[in-house]
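Peer 1: Below: one structure in structure tokens.
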Amino acid sequence: MGTGLNEAPIITKSVRGLYTVVSPDGVSEDLPARGILRKKGQEPYVGDYVRVEDGAIAEVLPRRNEIIRPPLANLDQLCFVVSMCEPQPNLRLLDKFIAVSAYKDIAPLLLLTKIDLASSEEIYRLYSAIGIPILPVDYNDPSTLDAVREAFRGKVSALTGNSGAGKSTLLNALDETLAIPTGEISQKLGRGRHTTRHAQLYPLQTGGYIADTPGFSTFDTMRYAIIRKHELAACFTEFAPYVDDCRFKDCSHTCEKGCAVLDAVSAGAIPKSRHESYCEMYEEAKTIKEWEL
């Protein structure tokens, strides 16, 4: 069960300075935020629990976590919709998402779509081995949708992934009352047309909320979180048994002699593709400027 639900009013939508706030008893109203909140650096996010006073948001309650863009707060789980084809799975993208979820202490969940069109064996092999829960989605098998509904029950969740992976289609199948617009795959570009324009929490009939976030074809880690290079290894949980055995305490785990992580990659204990994703993110993290923090 997610924490925070039914304890205070929650922001479910933000459009041009007005926030849709839903009270614990389900009453919804569009409210402005007091100007002093922005001055205090407390700009409200979708997912924030708030205190309402005199027809305005007077206080943003402490957050458990947040992601930068789209601005979402207090997520229980981050769900990665991975299409088996059209578009093809992007493991680099997926690994970056998983690192962000670890950094933000948000539970990850993989949802595999189009499993009838291409094999999902590699995805299962790579990610079940590092403890990431995986649920297949087969629209001809209602039990798979029931399993996803149960995973969302009572939680604040967000769906993310490549454009065209089927995020909005999945949400509509889970709860037909949502009626979220969907787009077609561009045959020229091999990716979906963007149909989600902003972050919004949708209430689910089974309880809890789900956010459909704008899709994308490339991924900038800093859209979701800025992870410094020395923090990155902790976001790859399969590195944990080895990092303390490296010869040098400041080992980057990319090229050093005596690196226990590299030895584990060579021995097959850490998937090569995961380490390659780590190295790519490490190089990106090296370019982060202090002002970006």
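The values are calculated or read from the model by the stated rules, or taken from the named source; none is laboratory data. Note that the coordinates shown come from a computational prediction; the quantities given were computed from them, not determined experimentally. Positions of Cβ are backbone-derived with ideal geometry, glycine not excepted, and every protein chain shown enters the neighbour counts. The area values use the complete protein model at the heavy-atom level, side chains included, leaving out ligands, DNA and RNA. Shrake-Rupley method; radii C 1.70, N 1.55, O 1.52, S 1.80 Å.
Peer 1: So K13 clears everything in (1) open to solvent by 60 Å² or more (accessible area, probe 1.4 Å); (2) in contact with a Pro (Cβ under 8 Å, 6 or more places away or on another chain) except one condition, right? Which one?
Peer 2: (2)
Peer 1: Do we have any residue at all in the stretch 132-146 that's surrounded by 14 or more Cβ atoms within 10 Å (Cβ to Cβ) and without any contact (Cβ under 8 Å) to a residue 24 or more places away in the chain? Spell out how you get there, then give the answer.
Peer 2: Kept after step one, since they are surrounded by 14 or more Cβ atoms within 10 Å (Cβ to Cβ), are these residues of the stretch 132-146: 132-139, 144-145.
Right, trim to without any contact (Cβ under 8 Å) to a residue 24 or more places away in the chain and you get 138, 144.
Yes: one or more hits.
Peer 1: Another question, then. Just one of A58, A73, A102 is on the phi < 0 side of the Ramachandran plot, within 22 Å of the chain's Cα centre (by Cα), surrounded by fewer than 21 Cβ atoms within 10 Å (Cβ to Cβ) and among the small types (G, A, S); which is it?
Peer 2: That would be A102, the only listed residue that is on the phi < 0 side of the Ramachandran plot, within 22 Å of the chain's Cα centre (by Cα), surrounded by fewer than 21 Cβ atoms within 10 Å (Cβ to Cβ) and among the small types (G, A, S).
Peer 1: Can you work out which of the residues in the stretch 46-55 that are crowded, with 21+ Cβ neighbours inside 10 Å and not hydrophobic (A, V, I, L, M, F, W, C) is nearest to the chain's Cα centre (by Cα)? Working first, answer last.
Peer 2: To start, the set of residues in the stretch 46-55 that are crowded, with 21+ Cβ neighbours inside 10 Å comprises 46-50.
From the residues that got through so far, the ones that are not hydrophobic (A, V, I, L, M, F, W, C) too are 47-49.
Values: G47: 14, D48: 16, Y49: 19 Å.
By that ranking, first place goes to G47.
Peer 1: Let me ask something additional. Among residues belonging to the stretch 61-100 that are assigned to a loop (DSSP other than H, G, I, E, B) and among the polar types (S, T, N, Q), point out the one that is nearest to I10 (Cα to Cα). Walk me through it before giving the result.
Peer 2: First, the residues of the stretch 61-100 that are assigned to a loop (DSSP other than H, G, I, E, B): 61-65, 68-71, 74-76, 84-90.
Imposing the further condition that a residue be among the polar types (S, T, N, Q) reduces the set to 65, 74, 88, 90.
On the way: N65: 15, N74: 10, Q88: 36, N90: 34 Å.
In this case the residue turns out to be N74.
Peer 1: Taking the stretch 123-146, which residues are assigned to a strand (DSSP E or B) and under 15 Å from D95 (Cβ atoms)?
Peer 2: Going residue by residue through the stretch 123-146, those that are assigned to a strand (DSSP E or B) are 134-136.
Selection gives I134 alone.
Peer 1: Going by the structure shown, is E256 surrounded by fewer than 17 Cβ atoms within 10 Å (Cβ to Cβ) and at pLDDT below 85? Before the answer, list the steps.
Peer 2: Values: surrounded by fewer than 17 Cβ atoms within 10 Å (Cβ to Cβ): yes; at pLDDT below 85: no.
The answer is no for E256.
Peer 1: Based on what the data block shows, is T195 more than 20 Å from N65 (Cα to Cα), assigned to a loop (DSSP other than H, G, I, E, B) and at pLDDT below 95?
Peer 2: Numbers: more than 20 Å from N65 (Cα to Cα): yes; assigned to a loop (DSSP other than H, G, I, E, B): yes; at pLDDT below 95: yes.
Yes; evaluated as a whole, the condition is true for this residue.
Peer 1: Given L93, L110, L78, which one is closer than 25 Å to E284 by Cβ, surrounded by 13 or more Cβ atoms within 10 Å (Cβ to Cβ), touching a helix residue (DSSP H, G or I) at 6+ places or on another chain (Cβ under 8 Å) and touching a residue at least 40 places away in the same chain (Cβ under 8 Å)? Before you say what the answer is, go through the steps one by one.
Peer 2: Values: L93 fails: touching a helix residue (DSSP H, G or I) at 6+ places or on another chain (Cβ under 8 Å); L110 fails: touching a residue at least 40 places away in the same chain (Cβ under 8 Å).
The unique qualifying residue is L78.
Peer 1: Here is a list: E292, E231. Which entry is at pLDDT 90 or above, acidic (D, E) and open to solvent by 20 Å² or more (accessible area, probe 1.4 Å)? Even if it seems obvious, please write down each step before you answer.
Peer 2: Working: E292 fails: at pLDDT 90 or above.
Every option except E231 fails the conditions.
Peer 1: Would you check if there is a residue in the stretch 37-51 being part of a helix (DSSP H, G or I), over 29 Å from Y278 (Cα atoms), out of contact with any strand residue (DSSP E or B) (no Cβ under 9 Å at 6 or more places or on another chain) and not polar (S, T, N, Q)? It would help to see each step written out before you state the result.
Peer 2: Taking the stretch 37-51 as the starting set, the residues that turn out to be part of a helix (DSSP H, G or I) are 37-39.
Imposing the further condition that a residue be over 29 Å from Y278 (Cα atoms) reduces the set to 37-39.
The next check asks that each one be out of contact with any strand residue (DSSP E or B) (no Cβ under 9 Å at 6 or more places or on another chain); those that pass are 38-39.
So of that shortlist, the ones also not polar (S, T, N, Q) come out as 38-39.
Scanning the stretch 37-51 turns up at least one residue that is part of a helix (DSSP H, G or I), over 29 Å from Y278 (Cα atoms), out of contact with any strand residue (DSSP E or B) (no Cβ under 9 Å at 6 or more places or on another chain) and not polar (S, T, N, Q).
Peer 1: Could you give every pair whose Cβ atoms fall below 7 Å, whose first residue belongs to the stretch 230-243 and is outside any helix (DSSP H, G or I), and whose second residue is at pLDDT 95 or above and not hydroxyl-bearing (S, T, Y), counting only separations of at least 6 or pairs across chains?
Peer 2: Taking only residues 6 or more apart or on different chains, the pairs are F236/R274; Y242/A260; Y242/V261; Y242/A264.
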